[in-house]
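These notes concern the structure reproduced below.
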Amino acid sequence: MKRITLTLAALAIAAPAYALVPINEEPTINNTLLQGFIGDAIDDNCSTIEARKLRALGELNKLRDYALSKGYTSAQVREFVTNKEEKARGKALAAEWLKERGAEPGNEAAYCKIGEEEIAKESLIGYLLRSTK
């Protein structure tokens, strides 16, 4: 019994001071990716708005650096951003966000309106988009 107690105590001391939430539950990472998915959906459904791909790449690099600074490994980050189920989940959340604001596939005007509003607000979504009007 004493040996088990000592082993548990040693493990507790060796454990990190904090435990990371799973990367797919980390709020900043998920919120930033959601905004990217929303921008992609607007780009795909509005002919007068384009994605700013270099800006998007820059934001992804910043997000990777953020994840690494929080303690996630490069392998965890890579696995998360290449996971097909996570990508599908992100797209579904983006579609839900857009639907709440009146945008559904086939309604180009709604996507364009939301995109123009986000550009005007200078939100992250808007930062990732360019109006070609």
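Please treat every number below as a calculation from the coordinates, not as lab data. Values in this document were obtained by computation on a predicted structure and should not be read as measured data. We place every Cβ from the backbone using ideal geometry, glycine too, and count neighbours over all the protein chains shown.
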**Q.** Read-out Cα Rg over 2.2 N^0.38 Å, derived from the coordinates shown; its label in (i) 1.12; (ii) 1.41; (iii) 1.19
**A.** (ii)
Q) Which FRET efficiency, nearest 0.05, do S69 and E117 yield, Cβ-Cβ r, R0 25 Å? A) 0.20
**Q.** Label zone at S131, where the point sits 7 Å out along the Cα-to-Cβ direction: region 28-56 residues whose backbone N lies under 13 Å
**A.** 48-50
Q. Which order results if V77, V21 are arranged by neighbouring Cβ count within 10 Å, fewest first?
A. V21, V77
**Q.** Net charge over other residues, Cβ less than 13 angstrom from the Cβ of E86 (K, R count +1; D, E count -1)
**A.** +1
Q: Any chance you could give the angle, 0 to 90 degrees and rounded to 10, that helix 2-14 forms with the longest Cα principal axis of the chain?
A: 40 degrees
Q | the chain - percent relative contact order, Cα under 8 Å, separation 6 or more | A | 36 percent
(Q) As an exercise, use a Förster radius of 22 Å and the Cβ-Cβ distance of E100 and N31 to find the FRET efficiency, rounded to the nearest 0.05. (A) 0.90
Q. So what is the 222 nm mean residue ellipticity for the chain from helices alone, if each DSSP H run of at least 4 adds -39500 (n - 2.57) and you divide by all residues, rounding to the nearest 500 deg cm²/dmol?
A. -22500 deg cm²/dmol
Q.
Quick check: pseudo-label points 7 Å beyond the Cα along Cα→Cβ at N61 and A88, how many nm apart are they?
A. 3.2 nm
